[in-house]
Every structure is written in C-alpha cells, then in structure tokens.
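Right, one structure below, let's go through it.
The values are calculated or read from the model by the stated rules, or taken from the named source; none is laboratory data. Since we're looking at a predicted model, the values are computed, not measured. For neighbour counting, all protein chains shown are included, and Cβ atoms are generated from backbone atoms with ideal geometry for every residue, glycine included. Keep in mind that these areas ignore ligands, DNA and RNA; they rest on the heavy atoms of the full protein, side chains included. Shrake-Rupley method; radii C 1.70, N 1.55, O 1.52, S 1.80 Å.
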Amino acid sequence: MYIMKRSGERVIFDGEKIANAIRKANKEEGILSDKLTEEQIAAIVNGIERDARNASRDLSVEEIQDKVENSLMATGKFNVARLYITYRYKHNELRKMSNIDQKISGIVERDNEEVKQENSNKNPTVLSVQRDYMAGEWSRYYTNRYLLSDDIVAAHKDGLIHFHDADYFAQHMHNCCLVNLGDMLDNGTCISGTHIDTPRSFNTACTVASQIVAQVASSQYGGQTITMSHLARYVDISRQKISQRLKAEFAEAGVDVDEEKLKKIVEDEVRREVESGCQTIQYQLITLQSTNGQAPFVTVFMYLHEVPEGQIRDDLALIIEVMLKQRILGVKDNRGFYITPAFPKLIYVLQDDNIEEGSKYFYLTKLAAECTAKRMVPDYISEKMALAMKGDCYPCMGCRSFLTPDRFTDAQKGNLGNAKNYVEGVHKYYGRFNQGVVTINLVDAACSSGGDEAKFWEIMKDRLNLCHRALRLRHERLLGTPSDVAPILWQDGALARLKPGEVIDRLLYDGYSTISLGYAGLAECVFYMKGVSHTSSAGDAFGLKVMQLLNDSCAQWKAEENIDYSVYGTPLESTTYKFAKALQKRFGKIPHVTDKNYITNSYHIHVTEEIDAFAKLSKEAEFQRLSPGGAISYVEVPNMQDNIPAVLAIMKHIYDTILYAELNTKSDLCDVCGYSGEIRVVKDSTGKLVWECPNCGNREQARMHVARRTCGYIGTQFWNQGRTAEIADRVLHIGLGEIQETGSVNPNASH
C-alpha cells in the first residue's frame with residue numbers, strides 16, 4: 001500500500017510515522033488525563049490504514065493528516081487535536097516555499113509520479129519538458145500568491161472550481177486559436193525577425209505553414225487549428241509552374257507532346273508535389289517541438305465547402321485524399337514500426353456532397369472511415385448541424401473549444417485585427433482566439449447541497465459568481481498586453497497585424513475572442529440529485545436545467561461586459577483525478593457519485609453505462625447544443641477495420657444528429673512481441689494500474705505504444721491513475737458480436 005507525498009513521490013504507507021506524529025502532540029499535553037493511551041494511538045493508526053486500503057488509490061499526505069485530525073477529535077482529546085493541528089499548520093507554513101524545491105527536485109530527478117502523468121502528450125523525462133514543468137511550478141506559486149484572491153485559490157485547491165493553466169498564467173498568454181494561415185501565406189509574414197514572402201509552390205507553402213504552427217505553439221498554451229483550404233490555391237500555382245517548365249523542357253528537347261499527354265504528365269507531378277507537401281506537414285508537426293516541450297497541439301481542418309467549386313475545390317479534395325492516405329499508413333517509431341501519431345489531429349466535415357454513397361466526394365468519406373478505423377482520426381463536424389446551430393460552419397480551436405458566431409461583422413465593427421485578407425461584410429473566424437478557461441465542478445455543488453434542490457441552485461449561484469470573478473482575472477491579465485510579447489500572433493498575421501507597442505485590448509471585446517466557463521461531472525451531479533442517469537427522462541430534464549443555468553449566466557455576463565463568455569465542455573484530462581480525490585475527501589465514497597477515481601467529462605454519459613452508439617450520440621446531442629463554447633462526443637468501439645460500413649453508418653448518424661463527434665478505436669502496438677491490437681489496463685502487486693500486453697505480458701511503457709483519446713486530442717504518453725481508471729472502465733458502444741453477426745450495425749436497433 002502506497003501514499004503520495006507532496007513532492008508527487010509514491011512511497012510505502014508507514015503507520016509508525018503517523019503514530020510518531022500523534023505522540024509528539026500527545027507529549028505536549030500537560031494534563032495526564034487528557035493524553036491518549038498507546039492503545040488509542042494504535043486504534044487511530046489502524047483506522048487510517050483501513051481507510052487507505054479501501055480508497056482504491058494512493059491517499060495523499062494531506063488526506064492522511066485530515067484523517068488524523070478527525071480521529072483525534074473523535075476521541076474527545078481536543079487539546080491533543082489542537083496541538084496536532086497547530087504543529088501541522090506551522091510545518092505547512094515552513095513548507096510552502098520548500099514545496100517548490102521538492103517539486104522541482106522531483107521533476108529533475110524523474111521521481112514525481114504526478115508530474116509523470118500530468119500530460120499524456122508530454123514526455124517528462126526529456127530536458128525541454130522538465131524546463132517547462134519547472135517554469136510551470138514557479139508560475140503556479142506566483143499566481144497563487146500574487147495574482148489570485150485567497151477564496152479563488154482555496155476553491156481551486158478544494159476542487160470546487162478549477163483555474164486552468166496556472167502554470168502559464170504569470171505570463172500574458174491566451175489559450176487557443178484559429179490561425180489566419182491564409183493571410184500569412186498570401187500576404188507574407190515574419191518568423192523570428194525574418195520576412196517570409198508569399199510562397200511560389202505548394203511545397204514551400206507547406207513548409208512555411210509548419211514553421212508558423214511551431215511559432216504559434218510557443219506563444220500560447222492551448223491548441224490551434226489550421227485549414228487545408230488556405231493551402232489549396234498553392235496547388236494550382238505549382239501546376240502552372242510545372243506546366244511551364246515541362247513545356248520549355250520538351251520544346252528544348254524537340255519532343256512533341258499533345259495537350260492531353262502533357263496534362264497527364266503535369267497532373268502526375270502535381271500529385272507527387274501534394275504528397276510531398278502533405279508529408280512535410282504531417283512529419284514536421286509531429287517532430288517539431290515547441291518551447292512547451294511538446295509537439296504543437298494542432299488540428300488540421302478539412303472542409304470542401306470552404307473554397308469555391310471548380311479547380312480549387314478539386315485541389316482541396318486532392319489534399320484531403322493525400323492527408324488521409326498518409327495518416328492511414330501512420331508514422332514509424334524509432335524501431336521502424338508504423339504507429340498511430342497523436343498529431344496533427346484531423347477534422348473532416350460531413351456535408352451534403354460527401355455523405356451519401358454516389359455523391360461526388362463520397363470516396364473521401366469512405367477513406368476517412370478507413371482512417372478512423374485504423375488511426376482514430378479524423379473526427380467529424382456535421383455541416384448540417386453547424387449551419388443549424390451556429391449559422392456558419394467553422395472548426396474548433398484545437399481539440400474542442402468553439403468560437404461564438406461572428407457578431408462584430410454584423411455590428412459593422414470593421415477589421416478589428418487589421419487582417420490583410422479581411423473582406424467587409426463576410427463573417428470572420430480565422431485569426432480569432434480564446435482568452436482562457438475556468439471550470440465549475442458540478443458534482444461538488446450537488447454533494448454540497450445534500451440533495452436539497454433549493455440549496456443546490458443557491459450553491460450554483462455562488463459558485464458561478466466565483467467562476468465569473470476568476471474569468472474576469474483571466475480577461476484582465478490580457479488587458480494592456482502589448483503586441484510585442486508575441487509578434488507572430490499580434491503583429492505578423494496569425495491573429496492580427498497590430499503595430500509594435502499597440503495593445504491587444506480591442507480584440508478582447510465585441511465577440512472577437514471568447515472566454516470559457518467550463519463544467520465537469522454532469523452525470524454524477526444528476527445522479528446525486530435525482531438518483532437516475534441523465535439518459536432517463538427525469539435525469540435529462542434536470543441536466544438540461546443545469547446546462548441552461550450555465551448558458552443564462554454567460555449571457556448575462558456577456559450583455560453586461562461585451563465579452564463573449566461561453567459554456568465549454570472541459571476536457572478535464574488530469575484534473576478528473578484531482579476532482580475525484582477532493583470529492584472523496586469532502587464527502588466520502590457515495591455510490592455512483594464519488595466512488596470512482598475520476599468524474600465524467602462535461603455532459604458525457606458515464607463510461608460504465610450500457611448504451612449503443614446511436615442512442616448515445618442522439619442523447620448527447622441534446623446537451624451539446626447547450627455547450628456552444630465547445631464540446632465533443634465520442635463512441636467507444638472495438639477494432640472496426642474489417643467493417644467500414646459500420647463506421648460509415650455511425651458517420652451518417654453524426655451528420656444527421658450532432659455537431660461534433662468521434663469514434664474511439666484501438667491500434668496499440670507492443671514493441672516486445674509485435675502484438676497489434678488493444679493493450680489493456682491491469683493492477684500490479686501494489687494496486688497501481690498499469691498497462692500490459694495481452695500477448696507477452698510486457699508492462700514497460702517505454703516498450704509499447706498506446707493511444708487513447710481522453711480530451712479530444714489523442715494521448716500517447718500515458719495518464720494519471722484517475723484517468724487510467726476511467727479508460728479501464730469504458731464500455732463498448734458497439735458489441736463485437738453485433739458486428740460479427742450482421743456485418744454492419746443497425747442504427748435503429750435500440751432507440
């Protein structure tokens with residue numbers, strides 16, 4: 001049995017240390033009758049040891065000290081309890097600064113288990129990641145001590161809310177964005193002080209795009225999205241260039257080639273250049289490393305209707321085809337095995353001319369289905385639902401956060417970012433961004449109410465006010481930021497073309513950027529308040545009422561401040577474990593509510609609930625409509641590489657039902673035995689969850705490739721114990737037997 005030290009180090013539970021701490025306080029007590037006996041001390045230690053065994057996870061030092069305090073109070077030896085609390089308080093004060101030292105030491109020496117599993121896309125053993133984490137620890141300290149109010153710090157620590165990305169908050173940085181790649185390529189940009197002219201070929205455009213992505217990633221802490229439509233026009237530039245060169249070469253050689261044959265030779269060469277350019281993007285984006293010590297969190301958007309019909313749309317279709325085929329192949333690891341890369345994330349838009357068999361671009365949709373079955377991407381946005389819900393179809397910024405529909409253009413606010421590709425009267429999305437996120441823990445609000453609905457709504461009101469004040473701090477941190485802090489963003493076109501020294505303030509209002517009210521644990525919240533899942537009619541109504549309150553609050557703040565607050569389904573990658581531990585500490589283990597080491601993301605149906613893929617997407621679509629600041633639904637499926645019709649059936653359901661969704665498939669690889677399939681989670685002899693190859697029993701993480709989607713992005717560097725438990729508990733939404741028996745799936749089978 002283990003405990004988690006403040007440094008993040010995992011050590012064996014030692015009851016004697018607890019007993020000694022109690023004895024020290026006991027010794028300070030002067031009245032003999034008020035002292036504890038050795039039997040009473042032993043009973044306290046035994047009780048805590050029993051609690052630790054029943055916790056199904058490693059208790060923290062703080063949790064054990066809380067249990068000691070409670071146990072001392074229960075004995076009636078209040079003076080000893082007071083002495084213990086005083087002793088603990090003094091040591092906490094002395095430890096505040098040394099905590100940073102310990103954490104940094106744990107990072108550098110690679111024995112901090114919490115840091116190791118904080119981010120599934122970062123490798124904490126490499127130097128650049130360690131430097132980022134070290135800086136992050138200082139930023140957290142500075143943020144908590146100087147930038148946040150005491151009540152927000154306390155609420156964050158206790159898990160009532162989550163103030164995201166405090167490890168970057170000390171600097172004036174924003175969260176995520178849609179890069180205006182079109183402006184930068186078509187009108188030139190500047191990278192590291194060097195002017196970059198407009199590219200004269202598709203290949204060069206792809207190289208410049210990769211460099212832009214890397215620069216943007218180092219100037220913000222969240223995800224970014226680029227669209228392939230901004231590269232499409234460069235295919236024809238290459239075509240014209242190739243055609244002219246070949247004509248000249250044939251003429252010089254005295255070779256007579258007819259137009260049809262020349263056209264075919266040109267198109268063959270154009271395809272090779274597109275393949276080369278796309279490979280540049282795919283490989284550079286996964287091999288480049290930002291100053292955050294990781295590959296850029298980048299999403300590639302593939303939407304045919306973003307460009308006019310004709311040659312440019314056909315060229316965009318060619319780019320999409322090549323991108324999908326290259327992703328199906330995968331990338332090689334250091335031993336030459338093809339594996340599933342985490343980046344770039346791909347999003348494919350389902351639309352009227354690619355969703356039905358026989359439609360012009362259905363071949364791309366079929367290719368996308370094969371890619372999903374093999375490599376977990378692309379994810380899918382429904383143009384039909386986007387137009388119905390938002391009036392426009394545009395990508396999310398990174399993994400899920402969506403901009404609000406453009407209102408500043410309708411209000412004739414003009415070219416706020418001074419973009420060179422601005423078109424008056426046309427809605428603008430590329431070049432916009434999100435200011436940051438604060439998340440409310442809905443489970444805590446429910447448990448704090450004790451099940452009393454009137455009290456619940458009062459608590460929600462208080463917690464939302466707290467979130468609002470925290471979000472205001474995020475907004476105010478960006479106010480007054482000069483464009484000079486990140487020229488690639490604010491001066492050279494990625495988000496704006498402001499002058500040196502000019503502040504970014506006007507980009508924070510009128511809906512140009514958004515700011516996100518995140519939420520987590522709707523499933524557990526509804527179950528606690530109503531005793532049923534939010535898939536039931538009673539649970540559904542209550543869940544929607546909660547979501548509507550979040551939206552009403554954002555609407556009120558937006559009306560009062562002209563800032564686009566928006567409701568956001570928080571990814572909650574590692575924070576799920578933190579919230580779960582905080583809930584168990586405050587409320588104990590409540591069945592179906594706080595008895596897991598994780599809580600459910602956003603509005604998602606609980607991972608253990610049996611429900612088929614089609615019913616899940618339909619039900620979650622009701623809640624996704626009330627999450628306009630971003631959210632993504634998923635269905636968990638087995639290996640479907642031999643049943644592409646079933647994948648297409650789910651994609652068609654997505655098109656008709658929900659704005660944004662994905663399929664979680666499995667494509668793990670064991671380096672030891674070469675096994676390809678699903679590597680599973682098991683418990684080791686200490687109770688820790690570990691990954692094990694089902695073929696050879698290999699448990700070395702360094703010798704296996706596991707890819708799972710936990711927050712919209714695919715993680716490949718493993719996860720903390722809470723998120724690992726959630727992955728282990730996931731049920732399939734399509735049964736293996738169902739697929740094998742029918743050869744496809746029936747979308748009307750169970751709803």
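Descriptive notes on the structure:
- Residue list for segment 311-359, restricted to those being on the phi > 0 side of the Ramachandran plot and open to solvent by 10 Å² or more (accessible area, probe 1.4 Å): Gly336, Gly358
- Among residues of segment 390-418, those that are open to solvent by less than 10 Å² (accessible area, probe 1.4 Å) and under 25 Å from Asn187 (Cα atoms), counted: 9
- Some residue of segment 251-264 being open to solvent by 40 Å² or more (accessible area, probe 1.4 Å), out of contact with any strand residue (DSSP E or B) (no Cβ under 6 Å at 6 or more places or on another chain), under 21 Å from Glu321 (Cα atoms) and at pLDDT 95 or above: yes
- Selection from segment 185-209 of residues that are in contact with a helix residue (DSSP H, G or I) (Cβ under 8 Å, 6 or more places away or on another chain), among the small types (Gly, Ala, Ser) and at pLDDT 95 or above: Ser201, Ala205, Ala209
- Of the residues making up segment 420-463, those that are surrounded by fewer than 21 Cβ atoms within 10 Å (Cβ to Cβ) and among the aliphatic types (A, V, I, L, M) number 4.
- Evaluation of Thr340 against the conditions (1) modelled with pLDDT under 95; (2) over 30 Å from Gly674 (Cβ atoms) shows that the sole unmet condition is (2).
- Among residues of segment 632-657 that are open to solvent by 10 Å² or more (accessible area, probe 1.4 Å), those with a beta-carbon under 9 Å from a residue that is among the aromatic types (Phe, Trp, Tyr) and outside any helix (DSSP H, G or I) at least six positions away or on a different chain give the pairs Tyr655/Tyr380.
- The numbered conditions (1) touching a residue at least 40 places away in the same chain (Cβ under 8 Å); (2) under 30 Å from Gln435 (Cα atoms); (3) within 19 Å of the chain's Cα centre (by Cα) are all true for Val607 except (2).
- When the test is whether a residue is outside any loop (DSSP other than H, G, I, E, B), within 21 Å of the chain's Cα centre (by Cα) and free of Cβ contacts under 8 Å to residues at least 60 places away in the same chain, Glu662 does not pass it.
- Exclusive hit being within 24 Å of the chain's Cα centre (by Cα) and not in a loop (DSSP other than H, G, I, E, B), set Ile654, Ile599: Ile654
- Which listed residue, of Ser566, Ser633, is among the hydroxyl-bearing types (Ser, Thr, Tyr), in contact with a Pro (Cβ under 6 Å, 6 or more places away or on another chain) and at pLDDT 95 or above: Ser566
- Extreme residue, surrounded by the fewest Cβ atoms within 10 Å (Cβ to Cβ), among residues of segment 17-61 that are part of a helix (DSSP H, G or I) and among the small types (Gly, Ala, Ser): Ser33
- Figure legend. Inter-residue proximity from segment 236-254: first residues touching a residue at least 60 places away in the same chain (Cβ under 8 Å), second residues open to solvent by 70 Å² or more (accessible area, probe 1.4 Å), beta-carbon distance below 8 Å, spacing 6+ or different chains. Indicated pairs: Asp236/Gln311.
- Qualifying positions in segment 668-680 - assigned to a loop (DSSP other than H, G, I, E, B) and surrounded by fewer than 21 Cβ atoms within 10 Å (Cβ to Cβ): Asp671, Val672, Cys673, Gly674, Tyr675, Glu678
Condition check ((1) assigned to a helix (DSSP H, G or I); (2) open to solvent by less than 20 Å² (accessible area, probe 1.4 Å)) across all residues:
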position	(1), (2)
Val682	no, no
Ser685	no, no
Trp691	no, yes
Pro694	no, no
Asn698	no, yes
Ala702	yes, no
Phe718	no, yes
Arg723	yes, yes
Ala728	yes, no
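- Within segment 44-55, residues that are within 10 Å of Phe13 (Cα to Cα) reach partners that are assigned to a helix (DSSP H, G or I) with beta carbons closer than 9 Å, at six or more positions or on different chains, in the pairs Glu49/Gly15; Glu49/Ile18; Ala52/Glu63; Ala52/Ile64; Ala52/Lys67.
- Residue match in segment 282-298 (condition: farther than 30 Å from Tyr133 by Cα and crowded, with 23+ Cβ neighbours inside 10 Å): no
- Residues located in segment 695-733, provided they are over 17 Å from Pro124 (Cα atoms) and in contact with a Leu (Cβ under 8 Å, 6 or more places away or on another chain): Cys711, Thr724, Ala725, Ala728
- Filtered residues of segment 608-623 (kept if open to solvent by less than 10 Å² (accessible area, probe 1.4 Å) and out of contact with any Pro (no Cβ under 7 Å at 6 or more places or on another chain)): Ala613, Lys616, Leu617, Glu620, Ala621, Phe623
- Qualifying residue in segment 366-389 (condition: among the hydroxyl-bearing types (Ser, Thr, Tyr) and open to solvent by 10 Å² or more (accessible area, probe 1.4 Å)): no
- For segment 161-216, the tally of residues that are small (Gly, Ala, Ser), open to solvent by 10 Å² or more (accessible area, probe 1.4 Å) and farther than 21 Å from Leu479 by Cα stands at 4.
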